[in-house]
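The values are calculated or read from the model by the stated rules, or taken from the named source; none is laboratory data. Predicted, not measured: the structure shown is a model, and the values here were computed from it. Here the Cβ is made from the backbone with ideal geometry for all residues, glycine too, and neighbour counts use every protein chain on show. Just so you know, the surface numbers come from the protein's heavy atoms only, side chains and all, with ligands and any DNA or RNA stripped out. Shrake-Rupley method; radii C 1.70, N 1.55, O 1.52, S 1.80 Å.
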Amino acid sequence: QVQLVESGGGLVQSGGSLRLSCEASGSRIVINAMGWYRQAPGKPRELVATITRSGNTNYADSVKGRFTISRDNAKNTVYLQMDSLKPEDTAVYYCNAVTWGVYWGRGTQVTVSS
């Protein structure tokens, strides 16, 4: 019912920045929360950041002070501004949305070179 499309991933050097975007479409259901998760090869998926419709945010300790999540409710879009990137940030980043169900995007690859 909800389709999520991520964009903005790519290759960046250590200390660089990327901005990920995720647009939700295909449903008129109000999206209560959106977030970003990531998964590195051989590791479980982990929470990066979430944001509610009212603007409350939550960040993983590993990204606090470096990543910023924001949203445009009118566009049902969530962003992840990633600054001071480190090689350990390398992963597939997945967009998530919560409505009456939970939906996931297909992911976008972020690779940070040392």
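Of all the residues in region 78-91, those that are among the β-branched types (V, I, T) and more than 10 Å from the chain's Cα centre (by Cα) number 1. Inside region 65-96, residues that are part of a strand (DSSP E or B), in contact (Cβ under 8 Å) with a residue 40 or more places away in the chain and either among the aliphatic types (A, V, I, L, M) or touching a Cys at 6+ places or on another chain (Cβ under 8 Å) (or both) make up a count of 8.
Determine which member of the set V48, V63, V110, V98 is β-branched (V, I, T) and closer than 21 Å to R28 by Cα. Exactly one of V48, V63, V110, V98 is β-branched (V, I, T) and closer than 21 Å to R28 by Cα, namely V98.
Every listed requirement among (1) among the acidic types (D, E); (2) over 14 Å from D89 (Cα atoms); (3) at pLDDT 95 or above is met by E46 save one, (2).
Based on this model, can you work out whether G35 counts as surrounded by 14 or more Cβ atoms within 10 Å (Cβ to Cβ), at negative phi and assigned to a loop (DSSP other than H, G, I, E, B)?
Numbers: surrounded by 14 or more Cβ atoms within 10 Å (Cβ to Cβ): yes; at negative phi: yes; assigned to a loop (DSSP other than H, G, I, E, B): no.
No.
Looking at region 64-96 only, could you name the residues that are among the acidic types (D, E), open to solvent by 40 Å² or more (accessible area, probe 1.4 Å) and closer than 18 Å to L11 by Cα? Residues satisfying the conditions are D83, E88. Taking the criterion of being of a type in the set (S, T, Y) and within 19 Å of S70 (Cα to Cα), the residues of region 9-24 that qualify are S17, S21.
For residues that are in a loop (DSSP other than H, G, I, E, B) and more than 19 Å from T52 (Cα to Cα), scanning just region 97-114, find the one that is most open to solvent (accessible area, probe 1.4 Å).
Only one residue fits best here, namely R106.
Working only within region 40-57, note down all residues that are in a strand (DSSP E or B) and open to solvent by 60 Å² or more (accessible area, probe 1.4 Å). Of everything in region 40-57, those that are in a strand (DSSP E or B) and open to solvent by 60 Å² or more (accessible area, probe 1.4 Å) turn out to be E46, T57.
Within region 1-31, the residues that satisfy the criterion of being of a type in the set (A, V, I, L, M, F, W, C) and either more than 19 Å from the chain's Cα centre (by Cα) or surrounded by 16 or more Cβ atoms within 10 Å (Cβ to Cβ) (or both) are V2, L4, V12, L18, L20, C22, A24, I29, I31.
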